Amino acid sequence: MKLAKSVSVTVALFCLAVFVPAQERRPLSPIGVAATQVGGKWSAPDKDGERTYTGGKWIEITYGRPLLRGRTNIFGAGADYGKQVNAGAPLWRAGANVTTTLKTEVPLEIGGKRLEPGEYSMFVDLKEPAWTLVISKQPRQEKYDANEKSKTWGAYNYDPKFDVIRVPMKMVTPAFSVDQFTIAFVDMTDEGGKIGMAWEKTGAVAPFKVLS
């Protein structure tokens, strides 16, 4: 009986040990991906009425998605505008944790400047009355290293000399409070669209064109 009881207690403790770390490993700001495809073609319907989209090129933004968790006035106001989300960095990482990345398989035009296919870092300069979208070629860390001073982690170590594009964003007000920070491609056509961002009662968009 003592052996059986000891085994039962050991199994219970093991299960608890597995369960607790699993709960702790869930990120507070999950990774999100905003994606769109352009330039493809839909096939004619087959015998079942199904159509297939082929030849499309991807544009993707990968970012951390923080939640409000009851916080209000997340961007602040006046001299403190943006400080809460910047957390001491010169710009906002447009999300949380790792540096936000923009990857495009097609050339784009943003703010009148051509952006070649490739992978870039993306930041936002949080200023009133309007934000500025910043696209950069600065190298970034895949894992945080406090001794690394040239590559970015989030927006820490940001250096403007790597900027490729800086473009003012148009500010918009969502019709509802957005709990989890969201980036999305909006008003899309094969010719282009907008990169949209929203959190709480603040939103902003930056238009772009798809180039050949």
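Scalar couplings 3J(HN,Hα) for segment 89-106, obtained by applying the Karplus form with A = 6.51, B = -1.76, C = 1.60 to θ = phi - 60°, are 7, x, 10, 8, 6, 6, x, 8, 6, 5, 5, 5, 10, 10, 10, 10, 8, 10 Hz; x denotes Gly and Pro.
Percent of alpha carbon pairs in segment 104-156 separated by more than 17 Å? It works out to 49 percent of all Cα pairs. The helix-based estimate of mean residue ellipticity at 222 nm for the chain, built from -39,500 (n - 2.57) per DSSP H run of four or more residues and divided by its residue count, is -4500 deg cm²/dmol to the nearest 500. When we measure straight from the Cα of Lys161, which lysines land under 18 angstrom away, once same-chain ones fewer than 8 places off are left out? Once the sequence-local lysines are set aside, what remains near Lys161 is Lys113, Lys137, Lys149, Lys151. The modelled label-to-label distance between Phe176 and Ala77, using points 7 Å beyond Cα along the C-beta direction, is 2.5 nm. Loop-located chymotrypsin sites (Phe, Trp or Tyr not before Pro) across segment 73-177 with a Cβ neighbour count of 10 or fewer within 10 Å are Phe176, with loop assigned by DSSP. Computed from backbone phi, the HN-Hα couplings of segment 156-165 come to 5, 6, 3, 10, x, 5, 8, 4, 9, 9 Hz, rounded to whole numbers (Karplus: 6.51 cos²θ - 1.76 cosθ + 1.60, θ = phi - 60°; Gly and Pro given as x). Viscosity 1.567 mPa s, temperature 4 °C: Stokes-Einstein D of segment 25-90 from its Kirkwood Cα radius, in µm² per second? Estimated diffusion coefficient is 80 µm²/s. Applying 1/(1 + (r/R0)^6) with r as the Cβ-Cβ distance of Ser150 and Lys41 and R0 = 35 angstrom yields a FRET efficiency of 0.20.
Annotation: amide H-H contacts under 5 Å for Thr152 (H modelled 1.01 Å from N, sequence separation of 5 or more, or interchain): Arg140, Gln141.
Take the chain and mark each of the GluC sites (Glu not before Pro) that is in a DSSP loop with at most 15 other Cβ atoms within 10 Å; the longest unmarked stretch, sites excluded, is 51-104.
With springs only between Cα atoms under 10 Å apart, run a GNM on the chain and tell me which of Pro129, Pro30, Pro160 wobbles the most. The residue with the greatest mean-square fluctuation here is Pro129. Computed from point charges on the beta carbon alone (+1 for Lys and Arg, -1 for Asp and Glu), the dipole magnitude for the chain about its Cα centre is near 580 Debye. In this calculation the C-beta distance from Lys137 to Gln84 is compared with R0 = 35 Å, giving a FRET efficiency of 0.80. In order along segment 42-58, phi translates into HN-Hα couplings of 8, 6, 5, x, 7, 4, 9, x, 7, 10, 10, 9, 9, x, x, 10, 8 Hz, rounded to whole numbers, per the Karplus curve 6.51 cos²θ - 1.76 cosθ + 1.60 with θ = phi - 60° and x for Gly and Pro. Sites count as exposed loop sites when they are trypsin sites (Lys or Arg not before Pro), lie in a DSSP loop, and have at most 14 other Cβ atoms within 10 angstrom; the longest stretch of the chain without one is 150-212. Would you kindly calculate the mean projected area, averaged across all directions, of the convex hull enclosing the Cα atoms of the chain, in square nanometres? Mean projected area of the Cα convex hull: 19.8 nm².
Just so you know, all these numbers are worked out from the coordinates, no wet-lab data involved. A quick note: this is a predicted structure, and the numbers were derived from the prediction, not measured. Cβ sites come from the backbone with ideal geometry, for glycine too, and all protein chains shown count toward neighbours.
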